[in-house]
1. Among the residues of the range B:80-133, what is the count of those that are closer than 30 Å to A:P34 by Cα, in a helix (DSSP H, G or I) and of a type outside the set (A, V, I, L, M, F, W, C)?
2. Quick test for you: out of B:A297, B:A284, B:A302, pick the one residue that is surrounded by 20 or more Cβ atoms within 10 Å (Cβ to Cβ) and within 15 Å of the chain's Cα centre (by Cα).
3. Show the residue pairs that are 6+ apart or on different chains and have beta-carbon atoms under 6 Å apart, the first residue being within the range B:78-103 and on the phi > 0 side of the Ramachandran plot, the second being part of a helix (DSSP H, G or I) and surrounded by 12 or more Cβ atoms within 10 Å (Cβ to Cβ).
4. Among the candidates B:L48, B:L109, which residue alone is without any contact (Cβ under 8 Å) to a residue 24 or more places away in the chain and facing another protein chain (nearest Cβ under 9 Å)?
5. Does the range A:159-167 contain any residue that is among the aromatic types (F, W, Y), under 23 Å from the mean Cα position of the chain (by Cα) and facing chain B (nearest Cβ under 7 Å)?
6. Here is a list: B:V213, B:V201, B:V178. Which entry is within 13 Å of chain A (Cβ to nearest Cβ), in a helix (DSSP H, G or I) and surrounded by fewer than 20 Cβ atoms within 10 Å (Cβ to Cβ)?
7. Select from the range B:216-236 the residues that are more than 10 Å from every other protein chain (Cβ to nearest Cβ) and of a type in the set (G, A, S) and write down the one among them that is farthest from A:V296 (Cα to Cα).
8. Counting just the residues of the range A:230-254 that are in a loop (DSSP other than H, G, I, E, B) and free of Cβ contacts under 8 Å to residues at least 40 places away in the same chain, which one comes out surrounded by the fewest Cβ atoms within 10 Å (Cβ to Cβ)?
Amino acid sequence: MTATPDSLSRPRTARRVARTAQRAEQAKTRLSSPWATAISIAVAILWTVPTFGLLLSSFRPEQQIKTTGWWTFFSDPQLTLKNYTEVLFGGSTQLSTFFVNSIVITIPSVVIPITLALLAAYAFAWIDFRGRDFLFVAVFALQIVPIQVTLIPLLQTYVDLSLAGSYWTVWLSHSIFALPLAIFLLHNFMKDIPRSLVEAARVDGAGHVQIFFRVLLPLLVPAIAAFGIFQFLWVWNDLLVALTFAGGTQNVAPLTVRIAELSGTRGTAWHLLSAGAFVAMIVPLLVFLSLQRYFVRGLLAGSVKG
Amino acid sequence: MSWILDASTTGEKLLVMAFAIVLFAAVMAIILFAVDRPRRVPNWLIALAFCGPAGLMLGFGLIYPGLRTIYQSFFDRTSTGFVGVDNYLTIFTQEGFQIVLRNTFVWLLVVPLASTLIGLVYAVLVDRTRFEALAKGLIFLPMAISMVGAGIIWKFVYEFRPDQQGVHQIGLANQIRVWLGMDPHQFLITAPWNTFFLLIVMIWIQAGFAMTVLSAAIKAIPDDIVEAARIDGATGIRLFRHVTVPAIRPALVVVVTTIAMGTLKIFDIVRTMTGGQFGTSVVANEFYMQSFRQFNAGIGAALAVVLFILVIPIVIYNIRQLRLSEEIR
């Protein structure tokens with residue numbers, strides 16, 4: 001949970017360029033051992049084949065999935081999109097509804113905690129007030145609280161407020177659970193901004209609100225992107241929070257809840273499960289592949305939450 | 001106005017979402033506008049405006065519920081009668097719960113070490129090769145998908161069909177067994193090995209994380225160290241053991257402890273693949289079952305507290321190791 005953010009985020013371009021030439025030299029000797037090559041290829045296959053098998057299956061006709069393995073496709077190729085239309089719009093699964101729910105849950109659950117965390121991180125980094133260090137350590141320590149510890153009382157509170165089972169509770173819960181890590185990470189990025197920049201703005205008569213919006217925010221875009229992807233994947237892929245606060249209702253529950261439920265009740269309906277799993281995966285995969293650079297950056301800066 | 005709480009059509013849902021974001025933005029704008037008066041507002045008030053919303057939410061959603069759970073763990077299933085440490089005694093002495101604890105420790109022992117080892121070896125093997133980007137991308141991809149999705153993928157790999165004339169295996173694992181001349185096996189049902197087949201899924205997901213962080217650490221090793229070791233005649237495995245591993249020790253500690261914390265709270269995989277049946281349940285899954293299926297608030301709270309207590313030594317170890325490595329520097 002705690003890496004050393006400053007050592008990893010400093011620009012290293014110059015050194016990198018210098019090293020490229022040397023690396024090219026070493027590349028020749030590196031994978032000389034056939035064992036090394038064999039092991040890395042074996043791992044790569046082991047890591048891809050399970051996903052590939054399910055992906056291929058999701059396009060095969062229902063009858064074929066149930067009676068033959070996906071590898072028979074290569075001797076008897078038959079493809080169809082029927083599984084996807086059925087799983088998305090068919091009466092028994094209706095994943096398109098849950099897809100919308102996932103989107104409605106995810107967007108505010110990313111926007112709200114990032115905004116709040118940015119403001120708090122700014123205060124911890126650039127406003128002098130009594131008890132600042134103590135409060136920051138307290139927020140940092142909250143990262144270790146497993147969310148399980150909070151679920152029952154939180155749900156009770158929501159029921160008392162008669163908010164239970166609505167989007168509001170899911171948004172609020174996701175935002176709360178994201179805050180400790182978000183504040184910690186964004187604070188580290190904010191501390192990296194040169195003091196002189198902030199001082200200069202202060203001399204020009206800018207207040208804290210203006211400094212935050214005009215000076216810091218533009219410089220923090222990569223950091224925000226890094227944490228944003230993190231939080232996006234976390235919320236979209238979450239099962240526990242949604243299961244607890246959204247329940248299984250068609251009005252609120254996201255894709256993960258529906259698919260976990262399908263896996264329990266219709267565990268052998270592989271034409272639905274395979275297509276359903278990929279319906280749930282497509283958005284995070286696209287986000288991940290297009291913004292991988294920022295994701296790795298965020299990963300290296302602060303590691304993962306739970 | 002009922003749609004604000006019970007949106008049921010797509011249009012209503014999107015409307016509620018837009019409404020929530022606008023409402024949030026408006027509240028924040030009012031707060032910030034109120035304190036945007038340079039030199040006239042005291043610092044503590046500005047700090048309150050910046051930190052207050054986050055602080056309120058943390059108090060409401062983490063600190064208060066956390067304390068409340070600890071309190072409830074000493075009460076019975078309806079949170080009415082005080083039972084002392086009975087819930088904890090039940091967890092540590094009843095046979096069903098002992099299987100749950102045993103499984104959690106198996107996960108905790110195997111997953112962090114195996115994922116880190118695989119991630120490390122792979123990072124070293126593909127480092128500075130021509131296919132590095134592609135090779136890393138393949139291992140990394142499972143990190144993007146949900147544990148529910150990963151659970152489905154592997155459940156399909158483990159799928160079992162009875163060994164009868166004319167029945168083909170559709171799961172890859174059993175087909176490989178058949179090709180090798182063995183009988184198909186109920187991977188997810190036969191205890192105690194089914195836990196092992198579940199935790200493979202977590203290793204599959206976490207190895208990518210380990211590989212990414214460790215690969216970055218390996219690339220950050222100063223070239224002169226590697227060069228000096230080469231001149232001294234260190235190559236291959238000796239270079240790896242005596243130069244690479246010690247140099248990335250801090251990163252290794254971070255990776256192992258991070259994965260350990262994630263593994264401790266593992267829930268989605270077990271829930272999706274077996275639902276905790278067949279002796280595969282773990283603490284986080286049992287917490288969910290007791291709290292929201294058996295409606296035993298006392299045991300549920302006690303399980304959550306056990307989870308919390310188990311995390312603490314990992315965090316302390318992590319912080320101590322980081323301190324040590326900073327002193328060395």
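The values are calculated or read from the model by the stated rules, or taken from the named source; none is laboratory data. Computed from a prediction, not measured in an experiment: that's the story for all the values here. Ideal geometry is used to build each Cβ from the backbone, glycine not excepted, and the neighbour counts take in all protein chains shown.
1. Quick first cut of the range B:80-133, residues closer than 30 Å to A:P34 by Cα only: B:110-133.
Next, only the ones that are in a helix (DSSP H, G or I) stay: B:110-126, B:132-133.
Right, trim to of a type outside the set (A, V, I, L, M, F, W, C) and you get B:112, B:115-116, B:119, B:122, B:132.
Of the residues in that region, 6 qualify.
2. B:A284
3. B:S79/B:Q72; B:S79/B:A297
4. On the way: B:L109 fails: facing another protein chain (nearest Cβ under 9 Å).
The match here is B:L48.
5. Pass one, the range A:159-167, residues among the aromatic types (F, W, Y): A:167.
Now drop any that are not under 23 Å from the mean Cα position of the chain (by Cα), which leaves A:167.
Next, from what is left, pick out any that are facing chain B (nearest Cβ under 7 Å): A:167.
Taking every residue of the range A:159-167 in turn, at least one turns out to be among the aromatic types (F, W, Y), under 23 Å from the mean Cα position of the chain (by Cα) and facing chain B (nearest Cβ under 7 Å).
6. Details: B:V213 fails: surrounded by fewer than 20 Cβ atoms within 10 Å (Cβ to Cβ); B:V201 fails: surrounded by fewer than 20 Cβ atoms within 10 Å (Cβ to Cβ).
On inspection, the qualifying residue turns out to be B:V178.
7. The initial filter retains those residues of the range B:216-236 that are more than 10 Å from every other protein chain (Cβ to nearest Cβ), namely B:218, B:221, B:224-225, B:228-229, B:231-234.
The next check asks that each one be of a type in the set (G, A, S); those that pass are B:228-229, B:233-234.
Details: B:A228: 30, B:A229: 30, B:G233: 34, B:A234: 31 Å.
In this case the residue turns out to be B:G233.
8. Quick first cut of the range A:230-254, residues in a loop (DSSP other than H, G, I, E, B) only: A:238-239, A:246-254.
Next, only the ones that are free of Cβ contacts under 8 Å to residues at least 40 places away in the same chain stay: A:239, A:248.
Working: A:L239: 23, A:G248: 13.
Residue satisfying both the conditions and the ranking: A:G248.
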